[in-house]
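Visitor: Below you'll find the structure I mean.
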Amino acid sequence: MATWANLPSDLLISISDRLDSLNCLRLSAVCTNWAFIIQPRLPTFPRFRLDQPIPWHLINTCNSYNNCGHTDFTFYDLTTYTAYCITSPIPFTLNGPRWIGSNFGRLVCIDDKSQLHLISPLTGDKQLLPSVKLPHDYEGNLNAYWDARRNTLKFHSHEKVILGRVSGHSSGNNNGLLLLCFFQPHGLAVLKVGDNKWTWLDLEKHYKDAIVYQGKIYAMTDDTLYCWEDEGSSFRAGKVVLTIKNSILNNFRKYLVESGGKLLMVCRNKGRGNAMNMYELDLDQGRRLLSSVKSIGDKAVFMGLDYCRIASTIGLDSAERNCIYYFDECCNDNDNKYHFLAVYNFKKKTYVRFPMNKSYPTPWFWPCDVK
């Protein structure tokens, strides 16, 4: 008599056809045989439920042990305290990659050759992105970060990538994806996925965060918010839309996030008990902060190394409401840095550590946005 692990493949497929992607992944996690039958069909499953948009945390990636030319992605689901290993048909050798961006069911990494890749683990799509080139007449100090052998900026000069969407521009399955790449010690460049080159928005300032909001690009330095308008084939020169004159806030790390059609700014003081403040930005009335946000209700902010988003926690008992999930760093007894996940409570003005430590930070992954 066959055991449950050896159920007929047509029966398992019939069951999986009645489930959405997340429950199909849970089904495939039961045993190796079920994963072998169900996971290859993952790209055809219905998309994730948008009423449960809590992200996963990328734990690890490695070349698949059982499938040559494939990659194993391990994610952790905060709502179920479950880790999922997804074997993706991506012939991708992970030689020294650094994960620097994530959104819309995609990941961005830079490899040891300073090449940027756009990856969708759930569909198996992988796209090599254009290298970032400096303007021919550029004479600034970014030249010190130029890798002449590979004809691109050096590996460690790429700080992070933020993914957004713009209307009126779509290439293949990319649905108007737009990438914003931040550089050390300064610089901000943009790429509409499908185009063959990056466009520099600024070569002089160091930006902390950015967001695509109401069809425009907003980017924040320590004290100033700039805006660029998309004009189809180019971007109108950046203009100042808000200046922060509070000298104390200027020392806070800033993150931009949209909630209910409003643009918010989260400020984190790493030097004073991880204190957090949030403000609603008024972009029309005198370049000032409109008001302090005291509560975000049944929502939670997921503040990543690359991107910040707000999600509803309704119906999810294991997700903390009115809180901010973020990554912090600490040193052990040997002065080696490690990163951990922390949860800041807006109401109590306190934070606690989540039981998950890592030697290096990795991004959130938003499976609910796969299209």
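The values are calculated or read from the model by the stated rules, or taken from the named source; none is laboratory data. Given the structure is predicted, the values throughout are model-derived calculations rather than measurements. No Cβ is skipped: glycine too gets one built from the backbone with ideal geometry, and neighbour counts run over all protein chains shown. Surface accessibility is based on the protein's heavy atoms, side chains included, excluding ligands, DNA and RNA. Shrake-Rupley method; radii C 1.70, N 1.55, O 1.52, S 1.80 Å.
Visitor: I'd like the full set of residues that are more than 14 Å from R268 (Cα to Cα), crowded, with 16+ Cβ neighbours inside 10 Å and out of contact with any Phe, Trp or Tyr (no Cβ under 8 Å at 6 or more places or on another chain), limited to the range 221-254.
Guide: Passing the criteria: T224, D230, L242, I244.
Visitor: Against the definition (of a type in the set (A, V, I, L, M), exposed (fewer than 15 other Cβ atoms within 10 Å of the Cβ), modelled with pLDDT of 90 or more and closer than 27 Å to N63 by Cβ), how does L107 come out, yes or no?
Guide: no
Visitor: Something else now. For the range 130-150, enumerate the residues that are open to solvent by 60 Å² or more (accessible area, probe 1.4 Å), assigned to a loop (DSSP other than H, G, I, E, B) and in contact (Cβ under 8 Å) with a residue 24 or more places away in the chain.
Guide: Of everything in the range 130-150, those that are open to solvent by 60 Å² or more (accessible area, probe 1.4 Å), assigned to a loop (DSSP other than H, G, I, E, B) and in contact (Cβ under 8 Å) with a residue 24 or more places away in the chain turn out to be K133, R150.
Visitor: In the range 1-24, which residues are within 24 Å of D77 (Cβ to Cβ) and modelled with pLDDT of 70 or more?
Guide: Hits for the range 1-24 are W4, A5, L12, I13, I15, S16, D17, R18, L19, N23, C24.
Visitor: Tally time: how many residues in the range 110-125 are under 21 Å from V166 (Cα atoms) and open to solvent by 30 Å² or more (accessible area, probe 1.4 Å)?
Guide: 1
Visitor: Taking the condition of being β-branched (V, I, T) and more than 22 Å from Y325 (Cβ to Cβ), how many residues in the range 71-91 meet it?
Guide: The total comes to 3.
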